[in-house]
Every structure is written in C-alpha cells, then in structure tokens.
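The structure appears right after this line, and notes come after that.
The values are calculated or read from the model by the stated rules, or taken from the named source; none is laboratory data. Note that the coordinates shown come from a computational prediction; the quantities given were computed from them, not determined experimentally. Cβ sites come from the backbone with ideal geometry, for glycine too, and all protein chains shown count toward neighbours. Just so you know, the surface numbers come from the protein's heavy atoms only, side chains and all, with ligands and any DNA or RNA stripped out. Shrake-Rupley method; radii C 1.70, N 1.55, O 1.52, S 1.80 Å.
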Amino acid sequence: MSKFRDIIDSPSGTKIILQGNAAFALGVIHAGYHAADGYPGTPSTEVIDKSLSQVQDKITVGWSVSEAVAVAVGLGHAISGSDVVVTMKVPGVFQAGDAISSAAFFSGDAGAFVFYICTDYVPSSTQHVIDPRYFFSSICIPVLEPRNHQELYDIAATAADISRQFHTPVAILVSGILAHSEGLVETKAQRIIVRKPVPKNMTDWMCLPFIARNNYNRVIQERLPALSEWAEESNLVNITTGDTDFGIITCGINDIVVREALQLLNLKVPILSLAKTNPLPKKIIRKFWGSVPGKVFVIEDGYRFLWEKITFMGLDVIGKEETSTITDWSPDTVLSFLSEHIKKLDFHPVRTNVDIKPAARPASICPGCPYRAIAVTIQKFKKQKKIIASFGDIGCSTLLYFFNALDTVLCMGASDSMRQGFVLSRPELAGKVVSIIGDSTECHSGLDSTRNGVFRNVPGVKIILDNRITAMTGGQCAPSSPTNLSNQENKFDLKRAVEAEGCRTVVVDGFNLEQVESELKKSLDLANEGVFTAIIIEGDCINEVAKETTIQQLEFDYNICVNCGICNICTGIELDEDKRPSFTVFCTDCGPYDQVCLQICPKQGAIYLPEKADKVDKKALVAKSFTYANDDTPEIELLTKVLSKEDLPNSIRIAIRGIGGQGNLFFGKALSELALRTPFSEMRIVKGDTHGMAQKGGSVISLFCCGNVYSPVPAPNTVDILVAMEINEVLRDGFLDLLKPDGILIFNVFKALPVNAKKEDYPDFDEIKKQLPNFNIIEADFYAAAHELGDVKGLTANVVALGLLSTVKPCDAIPESIWLDAIAAVSPNERAKNVNFSAFRKGRKL
C-alpha cells in the first residue's frame with residue numbers, strides 16, 4: 001500500500017492497489033478539484049483523513065464541525081469558482097438536509113459542487129439503513145453509484161463535469177463495502193481545471209420564496225430533461241449480452257456482486273448495469289427489457305428505489321418483496337433470490353452445521369479508554385437506583401451500552417435534548433437521569449442542546465466525554481483537539497464554550513475513579529435543587545498516546561485476590577472458570593494514566609505495580625521487545641524466477657476472521673501487495689474488511705481475492721483458505737460455508753474472552769474440531785511464536801500467520817522473495833520491515 005502523497009504524481013497507466021475512498025480521493029486530485037470539506041463519518045472518512053489531508057499543497061481541505069456546515073462551506077467554495085467535494089455518510093445527508101435541498105435548486109454559473117456519500121446498509125457503524133435515493137430524487141439531484149474501484153476513481157471527474165455542465169449539485173452514492181475494500185486502479189492523466197471567475201451577480205444563490213419557485217420550475221423544465229438525455233448516452237450505463245432467457249438490471253457495487261455470483265454457476269446472463277440511478281436512462285431500460293425473452297430481475301442495495309422507478313414505467317420486473325429485509329447483497333443472497341424464481345438454477349451450496357454457538361462479542365471501548373471510569377460509575381449508580389436512565393449519543397460513547405451505562409441513542413447531538421424532554425415531563429426525576437455525549441459530537445450539534453437546557457431552565461446532568469479527538473472514525477481532529485487539519489493551533493476552548501452557554505461547568509480527570517464518582521454524585525444532588533451541570537470528563541484517547549506507555553506493568557497477587565470478578569471491566573483482563581483474573585495481550589496499562597482496574601479493586605494489593613516497574617523505562621521495554629530486529633537483518637532474495645500465469649492458480653481467495661486489535665487489516669494489505677507483484681495484476685485484485693464499530697474489540701473479517709474474481713464478498717464454497725485468528729470467531733454465521741470442499745482451515749490457538757463474558761459461555765476448541773471432521777485443519781499458536789521472538793505484546797502474530805499462509809496451497813505457488821517484497825512495501829520503516837521479516841520466516845517454519 002502506497003502513501004497517498006507518493007502516488008498523486010503517478011504517470012498515466014500506473015496500476016495501484018487502493019482502498020475505495022483513496023481511489024476516489026486520487027480521482028479528485030487527478031480531476032483537478034480545488035477544495036474538499038466534510039465531517040468524519042465511517043465509512044467515508046478516509047477520503048479526507050488518510051488521503052486529501054496529506055496533500056494540502058494541492059487542494060484546500062478541512063473538517064467542518066458538522067455536515068450541514070460542511071455543505072454550506074462547500075457551496076461557498078463553488079460560488080467562488082472552485083470545484084469542490086463534500087464528504088459524509090448517509091445520516092449526515094439528513095443532518096444537512098436543509099442545506100442540501102436548498103442548494104439543489106440553484107443554477108448559477110459556479111464551480112463543480114459534488115457530494116460524496118457512503119452508505120452502510122449492513123450496518124457496521126451507522127444507526128439506520130435508510131435509502132437516501134428517494135430524498136435526492138425528490139430534490140432533483142443526479143445520483144451516481146460507482147460499480148467498482150476503477151470507476152470510483154474515474155467518477156470524480158465525471159461528477160465534476162456533470163455539475164459544471166448542468167449547473168447542479170451531484171451526489172456520488174458509494175457502497176460502504178466498496179469504500180472500505182481495496183482494488184486495482186489504473187491511473188489516468190491529470191487535468192488542470194481553471195477556477196471560474198467570481199460571479200458578478202450573487203443573487204443566483206438567493207432563495208426568497210418567489211425566487212425559489214422560479215428555480216424549481218427551471219430545474220423541472222430544463223435541467224432534468226437535459227440530464228435524462230445525457231444519461232441515455234453516458235458510459236455510466238453498460239449492457240452485457242448473455243445466453244439465458246432471463247436478465248438482470250443492477251446498479252452500483254451489485255454489478256460485481258452479481259458477476260461473482262453468476263460465475264459460480266458458469267452462467268452468461270444479459271445484464272443492464274447502471275452507475276447512474278437518478279435520473280434513469282429510460283430508453284435504454286425499455287430496450288433492454290424488450291430484448292430479454294423471460295423474467296427481468298432488479299438487484300439493488302437499499303430499499304426498492306430502482307424497482308419502483310422501472311415499475312412506474314409500466315415494465316414488469318421482479319425485485320425484492322415489499323417486506324424484504326435485504327439491504328445489501330452478497331453472491332449467496334443473489335443466487336438464493338434467483339433460485340426462488342428460476343427453478344432450473346442449480347444452486348445447492350454445502351452448508352456447515354455446527355451445534356455450537358459462538359460467544360457474543362459486542363464492540364467494546366478500547367483497553368485504556370478514558371470512558372471506562374464513568375462507565376463503571378454509572379453502572380454502579382444504576383444498580384444502586386441513583387440513576388434510572390442514561391441518554392446517549394453517537395460515537396465511542398455509544399459503546400457504554402454494553403456496560404449498562406447508556407440506554408438510548410437517537411442521533412448526533414440529541415442526548416441532552418432527550419434528557420430535557422424527559423425531565424420536563426417528569427421534573428421529580430431530574431436528579432436520576434443523565435445524558436452522555438462525546439466532545440466532537442458536542443461541537444457538532446450538542447452545544448445546541450446545552451444552550452436549550454439553559455434557555456428552558458431544565459435542571460440535570462450532562463456528561464461530556466472529552467478525549468480531544470473524533471475517535472470512533474479513526475482519530476480525526478475536532479474543535480476540541482489541539483490543532484486543526486492544517487496543523488494550525490486550535491483557538492476553540494470546549495470548557496469556555498460550554499461555560500458561555502450559562503450552565504454550571506466542571507472538569508474532571510477521566511482516569512480518576514474517585515473524582516468521577518464524587519462529582520457525578522454531587523451534580524445529581526444539585527439537579528434536585530434545580531441546577532443544570534455539564535461535567536467534562538477529560539482523558540486522551542488511548543490510540544493517540546505514545547505507544548511506549550502502553551506496555552502492561554501491573555500484576556496480580558493471588559494470595560490477596562478473592563476472585564470477586566469486579567476487575568473484569570476491560571478486554572485487557574479475563575477471568576477463568578474460578579473467576580481468577582489475568583491480564584491479556586490487549587492490556588494497555590491505561591497508557592500514561594492511572595489504571596482504572598487498580599482503582600476499582602476492593603482488595604488493596606490484589607492488583608499492584610511491582611517496585612521494579614517504578615524504575616522501568618517503558619520506551620526501553622519496547623526497544624528491547626524485538627531483540628532480533630538489529631541482529632542479522634534478513635535481506636530480500638533476488639527474484640530468480642519470473643512468474644507466469646501458468647505458474648499460478650486461476651484465482652486465490654482467503655478469508656480471515658479475528659477481533660479488533662489483532663491487526664487483521666494488515667493481512668489484506670500484504671496480500672494485495674503480493675498479488676500486485678504477480679501476473680494477477682493483469683487480472684483483478686480485491687480486498688474487503690470490516691471497519692467502524694467492529695474495530696473496537698468486536699468481530700472483524702478480512703477478505704482477499706485475486707485472479708478471475710469480481711467482488712470483495714466471495715460466494716459460498718469458493719474460498720481456498722480460512723484463517724481464524726481467534727478460536728471463537730470461526731463460528732460466526734456463514735464463515736465456514738465460504739470454504740471450498742478441499743480448502744484449508746487454519747486455527748490460531750488463541751482465546752480472547754469478550755468483556756463481561758463468563759468462561760463457561762466460551763466454546764470448547766476440541767468440541768469445535770469434533771464437529772468439523774471433514775475439514776483440512778492446521779493448528780498453530782501465532783502469539784507463542786511471536787513471544788519466542790521477543791515480541792512481548794504479540795504485535796507480529798499476524799505476520800507470523802502470513803508466514804504459515806505462504807507455505808499452504810495455493811499460496812505456496814508464490815516464491816518467498818515476492819512475499820518478503822510485499823511485506824517490505826507495507827512496513828512503515830526499516831526497523832518494522834526487519835521485525836516483520838523475522839516474524840514471517842518464523843511462521844514459515846511452524
């Protein structure tokens with residue numbers, strides 16, 4: 001994987017493996033955009049965060065405090081003559097709905113005005129699965145749905161051209177699976193777009209009622225017909241001929257999902273594939289429908305927008321049922337759907353039935369998170385009936401639900417508004433309810449609720465969790481951060497801003513359990529006296545602190561420990577069958593702060609800091625943890641053999657399951673770079689990953705496919721190798737069904753008990769294996785191998801796994817030297833490369 005700055009000047013025709021968001025960002029640069037704005041929202045964040053923010057000498061880019069603000073900033077850029085893109089996820093569309101719908105009917109001569117919106121129809125990290133195409137259709141905005149990574153790169157230029165030509169905003173609606181998967185992209189020549197001059201008449205962007213009526217009429221009578229005519233001739237519409245008597249109309253990412261599905265049954269089906277779904281190319285649709293002798297099916301994400309539009313044209317097509325809950329398709333669901341209507345289809349995949357349920361693994365706040373002290377405090381107060389309800393918000397704070405410390409979530413910024421409504425109806429309960437919100441969300445729209453609480457004189461407690469970052473989406477800067485995206489000093493002060501609203505404002509240390517509990521009790525008592533308090537709980541996100549501070553130092557004294565289980569508040573600790581606690585590889589020692597488990601333990605000395613630890617330099621510990629790194633540094637062998645297609649299988653498909661924190665995403669990055677160095681680069685390379693809330697200690701899956709493949713989501717019975725980095729995760733629904741009959745299942749003999757789970761809830765490994773008698777199973781302990789190399793935290797266990805993977809068919813067809821070259825490409829520096837080489841070679845010897 002290349003750093004974004006290193007690839008922006010790539011010559012035309014360069015082939016690069018890129019995440020979907022990065023592919024679009026590169027397309028933005030190569031299409032000549034002048035500006036980008038947005039608000040962080042998984043799965044759209046990386047367009048700015050990991051990509052455009054790295055080249056601020058090429059483009060004006062920044063994070064705004066909300067989607068609505070970003071849209072208005074974007075319109076300002078466009079009016080000034082700049083081509084601009086505004087990024088967000090689907091809920092942001094509705095948060096910015098007023099600004100978007102008003103801007104939709106302006107027709108002034110401006111720069112391109114493009115929205116980049118990612119869906120999350122699973123959902124993995126979003127609170128709803130609403131199909132926004134209905135909204136965009138109602139406000140007459142063109143909707144583009146890219147179908148693959150190459151088109152995601154290309155569509156940046158297409159959208160800008162449409163916007164300028166037709167004087168309209170354009171919405172690019174991208175599947176979250178496409179945005180967060182990786183694929184092969186071939187670059188094109190960069191173009192230079194000259195900014196349009198500043199308009200002399202700014203009244204083209206006025207929306208007084210009589211002007212708004214004229215704007216609406218112009219859009220309906222002039223713009224829409226012109227866009228519809230353009231759609232009939234656009235390269236965003238493709239027809240694939242076939243020899244079956246049925247056909248498929250599809251759009252967006254489902255193009256490659258459908259092709260992956262049909263390939264399994266070796267079917268050549270007529271396909272009408274759309275990358276533009278508003279307005280539709282009605283002439284082409286009618287012609288295609290008329291050319292198919294039998295049934296025509298509609299496969300689309302979201303609800304039934306496409307099916308409804310085509311049905312309204314008077315054409316008989318078959319789509320999802322009105323009550324269908326399918327919002328995103330897989331090859332499995334596509335073939336099952338088609339089989340229901342076409343009996344001659346021979347789709348009977350082998351299903352693996354295991355009578356063992358996996359232990360539930362909900363997403364969790366990270367080990368060392370500054371929210372843990374308030375979580376256990378609210379949990380305690382709820383048990384004591386001091387708190388009866390906790391109104392929550394969007395972000396990492398949502399995960400306090402799994403501590404029974406949070407009960408409700410509506411939308412960004414709404415937590416205290418909900419509390420206020422509750423208290424206005426039940427004033428006698430003002431001292432028994434709280435609201436919880438993160439710092440970036442408070443700056444997004446929560447301050448409006450704070451102001452409303454003061455304005456309405458509603459007593460109570462609002463808890464603002466300030467980790468100085470937008471953490472859930474990957475650590476983007478917020479108004480509460482020390483600097484903004486341009487690394488300028490941030491002059492905004494969260495405490496002063498909240499104080500200025502007029503409520504009692506208190507700041508406490510998020511890692512001081514006694515202080516957190518004392519202040520919460522005091523504030524609840526004051527609420528009964530009519531006081532509105534905002535408690536700002538401060539503590540850095542553990543992912544932002546120096547890594548040398550996260551080496552575990554605490555120990556248990558089992559002579560004092562009474563096995564009460566109270567310390568089981570974190571994935572850094574697990575209990576055995578007798579509630580005997582032990583630290584896991586995920587312990588971060590709470591970074592440079594006071595460890596919460598040490599404070600919550602009721603038996604003094606049961607958890608303790610050894611005397612020697614007071615004198616231990618954690619930075620030195622890290623330096624010594626890979627003692628082999630500077631010894632006998634391995635060199636990459638010269639490539640003695642040039643691979644041809646004949647040396648390789650038709651395709652390679654690998655699926656890896658684990659939990660957030662095991663480095664599973666590294667697998668796909670390394671495998672993608674590997675494939676890029678082989679003849680697979682002339683075919684297709686795709687990789688898919690789970691992102692979002694699943695990263696926070698929850699289940700994670702990484703999928704890699706290369707060769708004669710289409711989709712990052714494989715069909716059942718097509719995957720060559722399954723890797724379970726954690727034993728329990730092999731039981732996740734559908735995972736075993738992916739494996740070919742002669743495929744290989746690799747187990748990492750490693751258990752990680754979910755937080756608050758009981759040992760008896762965890763499945764027995766031997767019992768799992770007994771129910772898989774026909775599987776080709778390889779067992780290995782990747783963490784033990786990493787420890788043997790001096791890796792005290794097991795950070796290279798994933799690279800050890802890659803080493804073993806390289807010796808297993810069909811991966812063993814690729815020489816070791818190419819594997820090492822790929823690993824070097826994904827290693828951030830020379831030292832990391834040497835560490836990874838040693839871990840990889842350790843894996844090859846297992």
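In whole angstrom, note down how far apart the Cα centers of segment 747-809 and segment 181-199 are. When both Cα centres are located, 45 Å separates them.
On a 1.4 Å probe surface of the protein chains, which of Asp737, Asp761 comes out largest in accessible area, and what is the full order? Could you put the intermediate results ahead of the total?
On the way: Asp737 25, Asp761 85 Å².
Ranked list, largest accessible area first: Asp761, Asp737.
At 0.36 nm per residue, minus the direct Cα-Cα distance, what do Leu643 and Ser12 gain on full extension? Give it in nm, one decimal, please.
Values: separation 631, 0.36 × 631 = 227.16 nm, distance 2.49 nm.
Taking Leu643 through Ser12 to full extension adds about 224.7 nm, to one decimal.
Working out 0.36 nm times the residue gap between Ser817 and Thr483, then minus their Cα-Cα distance, what length gain in nm do you get to one decimal?
Details: separation 334, 0.36 × 334 = 120.24 nm, distance 4.27 nm.
Full-extension gain reported as 116.0 nm.
The label-point distance for Thr60 and Glu779, in a model that sets each label 7 Å from Cα toward Cβ, rounds to 6.3 nm.
Annotation: Lys809 carries an accessible surface of approximately 150 Å², with a 1.4 Å probe and no ligand, DNA or RNA atoms counted.
Please compute the per residue accessible area over segment 194-275 with all protein chains in place, 1.4 Å probe, rounded to a whole number of Å².
Details: 4350 Å² over 82 residues.
On a per-residue basis, segment 194-275 sits at 53 Å².
For the chain, the antiparallel share of DSSP beta bridges with both residues in that region comes to about 35%. Beta bridges from DSSP with both residues in segment 444-581: antiparallel share about 20 percent, rounded to the nearest 5. Computing Rg and the Kirkwood Rh from the Cα coordinates of segment 535-607 gives a ratio, Rg/Rh, of 0.99.
Applying a threshold of 31 Å to the alpha-carbon distances of Lys645/Lys833; Lys58/Lys200; Lys547/Lys769 flags Lys547/Lys769 as lying beyond it. Taking all protein chains into account, the per residue accessible area for segment 688-776 stands at 32 Å² (1.4 Å probe). Highest-first packing order for the peptide set 177-189, 676-688, 141-153 is 141-153, 177-189, 676-688, based on the mean count of other beta carbon atoms within 10 Å.
In summary, the aspartates and glutamates within cross-link reach of Lys283, defined as a Cα separation below 16 angstrom excluding same-chain residues under 8 places away, comprise Glu229, Glu232, Glu233, Asp316. Tyr401 contributes about 130 Å² of solvent-accessible surface, heavy atoms of the protein only, 1.4 Å probe. As a calculated quantity, the FRET efficiency between Val749 and Lys547 at R0 = 22 Å, using C-beta atoms, amounts to about 0.25.
Give me the Kirkwood hydrodynamic radius of segment 237-382, using the inverse of the mean 1/r over all pairs of distinct Cα atoms, in Å to one decimal.
On the way: mean 1/r = 0.0554 Å⁻¹.
Taking every pair of different Cα atoms in segment 237-382, averaging 1/r and inverting gives 18.1 Å.
For a Förster distance of 51 Å, can you work out the FRET efficiency between the beta-carbons of Ala189 and Glu322, rounded to the nearest 0.05? Once the sixth-power term is evaluated, E becomes 0.60. At R0 = 45 Å, how high is the FRET efficiency between Arg496 and Asn266 if r is their beta carbon distance? Nearest 0.05 is fine. That pair, Arg496 with Asn266, gives E of 0.10. Scanning the chain for DSSP H helices at least 20 Å long along the axis (C-alpha atoms) with a Kyte-Doolittle mean no lower than -0.5 picks out 149-166, 513-527. With one equal scatterer per alpha carbon and no solvent term, the Debye-computed log10 I(q)/I(0) for the chain at 0.07, 0.08, 0.09 1/Å reads -0.58, -0.76, -0.97.
What 222 nm value per residue comes from the helices of the chain, counting each DSSP H run with n ≥ 4 as -39,500 (n - 2.57) and dividing by all residues, nearest 500 deg cm²/dmol? Mind showing how you got there, number by number?
Working: 27 runs with 258 residues, N = 846.
So the calculated ellipticity at 222 nm is -9000 deg cm²/dmol.
Keeping all protein chains in place, calculate the accessible area per residue for segment 1-123 (probe 1.4 angstrom), answer in Å². Walk me through the numbers before you get to the answer.
Values: 3200 Å² over 123 residues.
So segment 1-123 comes to 26 Å² accessible per residue, rounded to a whole number.
Considering the zone a paramagnetic label at Asp109 would reach in this model (a point 7 Å from Cα along the Cα-to-Cβ line), which residues of segment 73-94 have amide N under 13 Å from it? Within reach of a label on Asp109, which here means backbone N under 13 Å from a point 7 Å along Cα→Cβ, segment 73-94 contributes 81.
Could you work out the percent of alpha carbon pairs in segment 650-790 separated by over 17 Å, rounded to a whole number? Intermediate results must be reported in sequence, preceding the final value.
On the way: 6144 of 9870 pairs.
Of the Cα pairs, 62 percent sit more than 17 Å apart.
Centre-to-centre separation between the Cα atoms of segment 218-274 and those of segment 281-335: 10 Å. Cross-link partners of Lys268 among aspartates and glutamates, defined as those whose alpha carbon lies under 16 angstrom from its own and excluding same-chain residues fewer than eight positions apart: Asp243, Asp245, Asp255, Glu260, Asp346. Computed with the Debye formula from one identical point scatterer per Cα of segment 336-450, without solvent, the log10 of I(q)/I(0) at q = 0.10 Å⁻¹ comes to -0.47. Label sites at Met206 and Glu308, each approximated as a point 7 angstrom past Cα along Cα to Cβ, lie 3.6 nm apart. Using 22 Å as the Cα-Cα cut-off, could you pick out the over-long pairs in Lys687/Lys842; Lys669/Lys759; Lys809/Lys845; Lys579/Lys603; Lys386/Lys759; Lys751/Lys809? Going by Cα-Cα distance, Lys687/Lys842; Lys669/Lys759; Lys386/Lys759; Lys751/Lys809 fall outside the 22 Å limit. Structural descriptor for the chain: relative contact order 11 percent, calculated from alpha carbon pairs under 8 angstrom and at least 6 residues apart. Starting from the Cα of Lys491, draw a straight line to each of the lysines and keep only those under 25 Å, dropping any in the same chain fewer than 8 residues away. By straight Cα distance, Lys491 reaches Lys50, Lys462.
Once the Cα-Cα distance is subtracted from the 0.36 nm per residue extended length, the Lys758 to Ser518 segment shows a gain of 83.3 nm.
Given a cut-off of 14 Å, what percent of all Cα-Cα pairs of segment 200-270 lie beyond it? Counting pairs separated by more than 14 Å, the tail of P(r) holds 74 percent. Taking every protein chain into account, the 1.4 Å probe leaves His34 with about 20 Å² of accessible area, to the nearest ten. Report, in whole Å, the centroid distance computed from the Cα atoms of segment 455-472 and segment 706-730. Going from one Cα centre to the other spans 42 Å. A convex hull fitted around the alpha carbon atoms of segment 193-317 yields 157 Å³ per residue. Only alpha carbons enter this Debye calculation for segment 1-87, each as an equal point scatterer, and the log10 of I(q)/I(0) it gives at q = 0.17, 0.18, 0.21 Å⁻¹ is -0.65, -0.73, -0.96.
Counted by Cβ distance under 12 Å from Ile117, the other residues give a net charge of -2, where Lys and Arg count +1 and Asp and Glu count -1.
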